[in-house]
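This report concerns only the one structure given below.
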Protein chains: 4
Amino acid sequence: MKKGATQKDIDHVAEKLRSVGAEAHISKGVLKTVIGAIGDKESIRTLPLEAFPGVEKVIPILKPFKLVSREFRDEDTLIKVRDTTIGGDYFTIIAGPCAVENFKQLIETAKAVKKAGAKILRGGAFKPRTSPYSFQGLGEEGLKMLAEARELTSLPIITEVLDVRYVDMVAEYTDILQVGARNMQNFLLLTELGRINKPVLLKRSFSSTIEEMLMAAEYVVKSGNHQVILCERGIRTFETYTRNTLDISAIPLAKSLSHLPIMVDPSHASGKRDLIEPLTLAALAAGSNGVLVEVHPNPQEALCDGPQSLTFADFEKIAEKLINLASALNRKI
Amino acid sequence: MKKGATQKDIDHVAEKLRSVGAEAHISKGVLKTVIGAIGDKESIRTLPLEAFPGVEKVIPILKPFKLVSREFRDEDTLIKVRDTTIGGDYFTIIAGPCAVENFKQLIETAKAVKKAGAKILRGGAFKPRTSPYSFQGLGEEGLKMLAEARELTSLPIITEVLDVRYVDMVAEYTDILQVGARNMQNFLLLTELGRINKPVLLKRSFSSTIEEMLMAAEYVVKSGNHQVILCERGIRTFETYTRNTLDISAIPLAKSLSHLPIMVDPSHASGKRDLIEPLTLAALAAGSNGVLVEVHPNPQEALCDGPQSLTFADFEKIAEKLINLASALNRKI
Amino acid sequence: MKKGATQKDIDHVAEKLRSVGAEAHISKGVLKTVIGAIGDKESIRTLPLEAFPGVEKVIPILKPFKLVSREFRDEDTLIKVRDTTIGGDYFTIIAGPCAVENFKQLIETAKAVKKAGAKILRGGAFKPRTSPYSFQGLGEEGLKMLAEARELTSLPIITEVLDVRYVDMVAEYTDILQVGARNMQNFLLLTELGRINKPVLLKRSFSSTIEEMLMAAEYVVKSGNHQVILCERGIRTFETYTRNTLDISAIPLAKSLSHLPIMVDPSHASGKRDLIEPLTLAALAAGSNGVLVEVHPNPQEALCDGPQSLTFADFEKIAEKLINLASALNRKI
Amino acid sequence: MKKGATQKDIDHVAEKLRSVGAEAHISKGVLKTVIGAIGDKESIRTLPLEAFPGVEKVIPILKPFKLVSREFRDEDTLIKVRDTTIGGDYFTIIAGPCAVENFKQLIETAKAVKKAGAKILRGGAFKPRTSPYSFQGLGEEGLKMLAEARELTSLPIITEVLDVRYVDMVAEYTDILQVGARNMQNFLLLTELGRINKPVLLKRSFSSTIEEMLMAAEYVVKSGNHQVILCERGIRTFETYTRNTLDISAIPLAKSLSHLPIMVDPSHASGKRDLIEPLTLAALAAGSNGVLVEVHPNPQEALCDGPQSLTFADFEKIAEKLINLASALNRKI
C-alpha cells in the first residue's frame, strides 16, 4: 500500500480479496502496510488490484505459468519424432537450408547434413520477411519437396507455420511445426497448434522474457498439445556487432523452470557464419537439448540468410566437434 | 571488403553487381577497399553480398521502405474517418475502454469521452492476452456493441483485428482497424489489410525500430491500402518503473521519414494512470497527430488494464488541458 | 521461500531477521510460504537473505533511497544559483557550446544565448571522450574563460567535473558542477561532491534505471550537499536512428519519487539537431524543470558534437517557442 | 548526402576532406550521391561532417580502435603473471571472495580454491556499491591481507582499483589491477593505468558495446601499458530473471577483432549461484581465456554478493568439470 493509504483503503483491498475466496494477511510496518494475498492465483488475478485506492504495487509471488512448470512435472519431457528422441540427456542436431529453393538444393543439403550427423532436416516453405520485396517462400510446393526429401533420407522434417489458415496443411506434411520468433505471441496460432498431435518448436521472440516464452508454451499445452520444444534464438539488445544477443543463460534457466526441452538457433541469434561454431559448442556445454543450424550448398546463391549459412564443409567440421564434445560431457547424440 | 581481400574477390563482387544491372564504384584506400553499388536497390538486395568471399560488411545507403517515405510523397497524408480528419496539423483524441465488457459500460464511456472532447471511440472485442487464463474479449458480440455505440453517439470507432480470419468481419463493423503491437510483423495479416478500404492504425511493436515499423506500414500500402496511421506505444528497455519506455523521439522521426500520421498510446506505454497526463501533453508538444487513451467508468472493476485506465473525471481534466495546449501550439482539434 | 523449503529453513530466516531487530510475518499458502520482514531496511539489507537455504527470492518493498525521496521531504527543493531559481514551477534554459574552444567562441555564444532567453551558460573544459584520439578539452584554461564570460554577461555557469582530483579546482570557478552520465556511479566522486557547497547537476547514465539515478543522488546528499539537480539525457536501447532514447517518462516519475528538480538534455539524448525543438517542447510539457542545449557559432567547425549543436538562429527560434509554451502552461521562466 | 543536396554542398564536403589530406571519391546515383573519404582516419575524424549542409549520414568504414586490433597485431597477446600465463590456448581459473572481509575468510578461501585448481586469487579491497549504505571494503588493510595470502599460497592476486588516487597504492600490492564495469569509461583512470607496468583486467560495462570496450582498452595501451585482459560480465537487457545477460558471443567476437585475451565473469553476469556451472562451461567451450568466480567459506554470512557466491564444495565440483572439459577441447589449464 502507498505511504498515505487509509484504514478504509486497506479494508477495501482485504474485503475484495476475500470476495474471490482468498485470505488477506496484513503486515503493518512503520512506513508502509503490506497485504499478503493467499489463495488461487487465477481468482486473484481477476481483481485489478493496482487500480484500487491506496495500492502502490502488486508483486506476484507465484509464477504465471503452470502446466509447463517444473513444479507441475518434475521429470524431463521426452519427445519422440520417428526414431529420434528430443529432451533429457539427448543433444539433437537439426540442419538444413533457411528456405527451400528447389528440390536439388534441398536434397543435396539433406544428404550432406545427414552424413555429417544431423538427425532432423529443417527448411522453410513459408518465410516471414521484414521487407515486402524479399523472397516469401515456395509455399505448399516447398512442403512437398520436404516430404520427398524425408522419403529419400529418412530424416524427420521441421518447417515453419506462419498463419492459422495453414496449420492443417503444414501438419499434414511435417514432423515438427515451428513457430517463428515473430509469432511467439500470436495467441490464436498457439491455440490452434494445441489441437495438433505433432510436436511444436516454439522460438523465443527476440523481445520476450523467458517467462513470456513459457507462457506462450502454456497456451499450446493448455489447448491440448504437450509436445513443445522451446528454442532460444537471441534477444534484441543495444549491441550491434551481432544481429541479436544469444541469451545463453536462458538454457539453464528454462531447464530449471520447466520440464520442456530447449534448443538453440545460433544462426539467427548471431547472423554471422563465423560465430556458429563457438556458439553451438557453448550451447551444448550450457546444457542445450540441441541446435538448429542453416546449411546451404552455396551460401553465395542463397535466396535467404546467405551470410549466416554454413557450407557443407563448415557443417561437417562443426558437427564433428559437437559429437566429440557431447561424448566428453556424457550427453547422448 | 576485408583487409586481406584479393583482386579476384573485388572483381567477383563487381561482376555480380553488374549482373543485376548495377554499377560498381571501387575506392581503394591504404588499408581497405570500398565498393559502392549504384543501381536499383531491389535488384541489389537479391544478392547475398555478405556471403561473398572477401566481403566484410554491407552498408545500405538507401532506406528499405519506399511508398511510405517522405521522399516518395512530400505532403502529409490526411485520413478522413466520417467527419474527423487525422494527420497534418490535426490532433485527434481517441478514447474508450481497453475491452468492451458489456453495453452499459461501453455506452456510458462513449458518452463521457465524447462530451470531454474525444473524436473517436476505442474498445477491444478481441483481446491478445499474455496469459491463456485471462479474459479474451467478447468477439463479434463486442463488435456489435461498438457499432451500436457509434449509432447513438456518432463517434467513429476503432477496434483491433487479431487474425487474418477475422479481417472481413471486423472491417464490416469498424471505421478503423487496429493492428496490435504483437502483430506488427504478422506479414500475412498486413497483406490482408492491404485489400481493405478502411484506415489501419498500426501499433509499433515494443521491440521494433522505427525503420521496421515503416516497413510494416509498407506491407499494407504495397498491398493496396494507403490509409495507414502509425502509433508509438513504448519500447522495451531495462527500465522497470514503467511497463515500457515511451519513445517520444519516434514522433518527430516518423514525421521526417514518412508522410503518414503518427499517434501515441500513453496508456500501454506507461502502464500507469498517473503518467497519462504528462505523456499526452508531451506527445502533443512533440508533434503527435493524436493520442489513444483508456477510459473506464470504474477502473477497479475493469476486466483488462484497470491500473492504467482513467476515470471519467480524470479524462475530462486531461482532455481540457490537451485542448488548451493544442490551441497554444496552433494545432487543430 | 522455494516450494520445497522446510520448516527449519523458515525458522532460520525468521531467526536471522529477529537477530537484526526486525519482525518476521509468516504467511503459508498451499504452494509456498512468504515471510514478510518488517523493520529498519538498512539492518535487513545487511543479511544476504538470498543465500539462505530455502529462499527463492527477496523482494524489497521499501525504496532503497531515503533522503532524496518525496516521502522524506514533501515540498519541492528549490535551488538558487545567483539570481536564478531552479525547481518547483520554474523552467530554466541552460545553453552554450559542448566544449570551450577559445574565448571568442565562448563569449559570442554566451551573449547570443543570453539575448534569446538562456539563464545559465554551459561549456565543457574537461571532456570525456570515447576515443583517446579525440579533443579532450582546454582544462583550467577553459574554466578561466567560463568565469570571464560570467563576468561579462552575468550568466551563472555550469561545467563538468571529470575526476576527484579536480573537484576543488572546478568548484572554485563554476556555479554548478556537472557530473557526466559516465560518472553517475563514480561513487568516490559523488562522495567528494557531497562536501562542496555548490549545486551539482547529476546526469543519468544511459544505462541506469531511475532508481539508480536517485541512489546516486543519495550519495551526494548523504555526504552533505543537498543541492542536487537530476538530468535525463537518454538511455541506451535497440533503436539506432537516435543516439539514445530520451526517456520522457523519467520526468514525471522522478518528480513523484523525489523532491529534487529534474532537467532534460535533448542534445545528447538524440544526437540530432532536428530533434532538439520537438524534444525540448515535449520536456517542458511533461513537467521538466529545464533543458540543457548545445549552441555553437558555427557547428561545422565545432571540435565536439557539431552534428547536434544549434546555430544562434536555431536557438533563438526554439527559446521563443519554449517561452510561449511555458506561459501557456503557467510555468515560470 | 541528402536527397536534395546541391552541387555546392558536395563540393564543400570534398574540399574539406582534401583540406585534411584525404581523397574524396564521388559516386552519383539516381536518388543520392555518396562521397567516399579515403585517408587517415584520425584526420578525417576532426571534421564534424554530419554538421555540414547536405550531409545525411557519416558511416565509418575503418574501426575506431587501432593498437588493440587484430589487424594491428596478428598473434595473440600472452600475459605472464608470476608463473601463470594468460591468453592464447590457456584457460585460467581466477577465484576468491567478492570482498576481503578478514584474514581468516581470505586465507581459507585462497587455500581451498588453490587446491581445486584456481591459478589466481581475487578479492575486493575497495568496493563500488550502488547504495551509500552498503559495506564499502577494507581499503589498504584489505590489500595487505591479499599480499599476505599470496605469500602463503603463491597464488598471484587481482583486486580492483576504484579511483585515480589509489592507482599507485593498489599497484604496489597487487599482481593484476582490475577496472570495474562502472569505470570502463573512466578515461582518466584508464590513462593512469597506462603508465603502470602490471596487467590490467578491464571489465566490460554492462551498457557498452564490444567496440566501446575495445576503445577503452585502446586508452590503456595508447598510454603505454600493453598488458590488458578483457572481461565480459553481462550486459543490461530487458530480461529480469538474471541480473544481466551474459553476452557469450562477445568471446569469439573479441578474439576476432583483437589480439588481447578475454575472460568471463559469470558470477556478476547472472547474480545466481545455480547458473555459475553452466555459464563457466559455456564460456570455456566458446573460447574464453578464463573465468572469474566468487567463492566464500559461508555465503550466508558474506558482506557482499552472498547469493552468487559458491561454497568450497560447489567450486571444487565446477573446477573439476572445467579441467576435464578443457582437456577434451585441447586447451591448456
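Taking every residue in B:25-37, how many Cβ atoms of other protein chains lie within 10 Å of its Cβ, on average? Please list the in-between numbers first.
Details: counts 7, 2, 9, 3, 11, 4, 6, 4, 2, 8, 1, 7, 3.
For this peptide, the per-residue mean of nearby foreign Cβ atoms is 5.
When each copy gets a label point 7 Å from Cα toward the beta-carbon at residue A:15, what are the spacings between them in nm, shortest first?
List, nearest first: 4.3, 8.1, 8.5 nm.
7 Å from Cα along Cα→Cβ at both residue B:328 and residue B:240: what's the point-to-point distance in nm?
For the pair residue B:328/residue B:240, the computed spacing is 3.7 nm.
Per-residue Cβ counts within 10 Å, from other chains only, averaged over C:230-240: what number is that?
Counting other chains' Cβ atoms within 10 Å and averaging over C:230-240 gives 6.
Inter-copy label distances at residue B:88, 7 Å along the Cα→beta-carbon direction, one decimal in nm, shortest first?
4.4, 7.0, 7.4
What does DSSP give for chain A in terms of the percent of beta bridges that are antiparallel, rounded to the nearest 5?
On the way: 11 of 37 bridges.
For chain A, the DSSP antiparallel bridge percentage is about 30.
Can you show me the helix-derived [θ] at 222 nm for the protein assembly as shown, built from DSSP H runs with n ≥ 4 at -39,500 (n - 2.57) apiece and divided by the number of residues, rounded to the nearest 500.
Per the formula, -10000 deg cm²/dmol.
Give me the angle, in degrees from 0 to 90, between the Cα long axis of helix A:312-328 and the longest principal axis of the Cα atoms of chain A, rounded to the nearest 10.
Tilt relative to chain A: about 50 degrees.
Apply 1/(1 + (r/R0)^6) to the Cβ-Cβ distance of residue A:30 and residue D:256, taking R0 = 51 Å, and write down the FRET efficiency to the nearest 0.05.
Details: r = 57 Å, r/R0 = 1.11.
It comes out at approximately 0.35.
Region D:58-137 to region B:284-299: how many Å between their Cα centroids?
Result: 51 Å between the Cα centres.
Taking the Cβ of residue A:301 as the centre, find all other residues whose Cβ is under 11 Å away and add up their charges (Lys, Arg: +1; Asp, Glu: -1).
Value of the local net charge: 0.
Work out, step by step, the length gained on full extension between residue B:11 and residue B:147: first 0.36 nm times the residue separation, then minus their alpha carbon distance; give nm to one decimal. Provide the component values of the computation, followed by the final result.
Details: separation 136, 0.36 × 136 = 48.96 nm, distance 6.36 nm.
Value of the extension gain: 42.6 nm.
Which whole number gives the average count of other chain Cβ atoms within 10 Å of the Cβ atoms across peptide B:209-221?
For peptide B:209-221, the averaged partner shielding equals 3.
Order of D:156-168, B:273-285 by packing, highest average Cβ count within 10 Å first? Please list the in-between numbers first.
Working: D:156-168: 21.1, B:273-285: 25.0.
In decreasing order of mean packing, D:156-168, B:273-285 become B:273-285, D:156-168.
Any chance you could give the angle, 0 to 90 degrees and rounded to 10, that helix C:210-222 forms with the longest Cα principal axis of chain C?
Compared with the principal axis, the helix lies near 80 degrees.
List the residue from chain A whose beta-carbon is nearest to the axis that rotates chain A onto chain B, together with that distance in whole Å.
A:207, 1
Within region A:239-283, what residues put their amide N at less than 15 Å from the label point 7 Å along the Cα-to-Cβ vector of residue C:3?
A:254-260
In whole angstrom, how far apart do the alpha carbon centroids of region B:206-258 and region A:197-233 sit?
A separation of 26 Å, based on Cα centres.
Given Cβ point charges of +1 (Lys, Arg) and -1 (Asp, Glu) and nothing else, what value in debye, to the nearest 20, does the dipole of region C:239-322 about its Cα centre take?
In debye, rounded to 20, region C:239-322 gives about 240.
Return, ordered by residue number, the residues of region C:241-255 whose backbone nitrogen is under 17 Å from a label point located 7 Å along Cα→Cβ of residue B:317.
Of the residues in region C:241-255, C:252-253, C:255 have backbone N under 17 Å from the label point off residue B:317.
Past 28 Å, Cα to Cα, is the threshold; run A:272/D:28; A:127/B:66; C:80/C:255; C:114/C:203; C:80/C:115; A:119/A:272 against it and keep the listed order.
From A:272/D:28; A:127/B:66; C:80/C:255; C:114/C:203; C:80/C:115; A:119/A:272, over 28 Å: A:272/D:28.
Which of the three applies to the protein assembly as shown, rounded, prolate or oblate, going by the alpha-carbon gyration tensor with a ≥ b ≥ c and a/c under 1.5 meaning rounded?
Details: a/c = 1.09, a/b = 1.00, b/c = 1.08.
It is rounded, given that a/c, with a ≥ b ≥ c, falls under 1.5.
Provide the FRET efficiency to the nearest 0.05 for the residue D:58-residue C:19 pair, computing r from the beta carbons and using R0 = 56 Å.
0.35
For chain A, find the longest principal axis of its Cα atoms and tell me its angle to the long axis of helix A:140-153, 0 to 90°, nearest 10.
Rounded to the nearest ten degrees, it is 70.
Report the local net charge at residue C:278: Lys and Arg +1, Asp and Glu -1, summed over other residues whose C-beta lies under 11 Å from its C-beta.
Counting the neighbours of residue C:278, the net charge comes to +1.
Find which of D:14, D:170, D:44 sits farthest along the positive direction of the dipole of chain D, computed with +1 on the beta-carbon of Lys and Arg, -1 on that of Asp and Glu, about the Cα centre.
D:14
Give the nm distances, rounded to one decimal, from residue B:327 to the matching residue in every other copy, measuring between label points 7 Å along Cα toward the beta carbon; shortest first.
1.6, 8.3, 8.4
If pairing requires two Cys Cβ atoms under 4.7 Å apart, which cysteines of chain A are left without a partner?
For chain A, the answer is A:231, because their Cβ atoms have no other cysteine Cβ under 4.7 Å.
Values in this text are rule-based calculations from the coordinates and carry no lab data. As the structure is a computational prediction, the values presented were derived from the model and not from experiment. Glycine also receives a Cβ, built like all others from the backbone with ideal geometry; neighbour counts cover every protein chain displayed.
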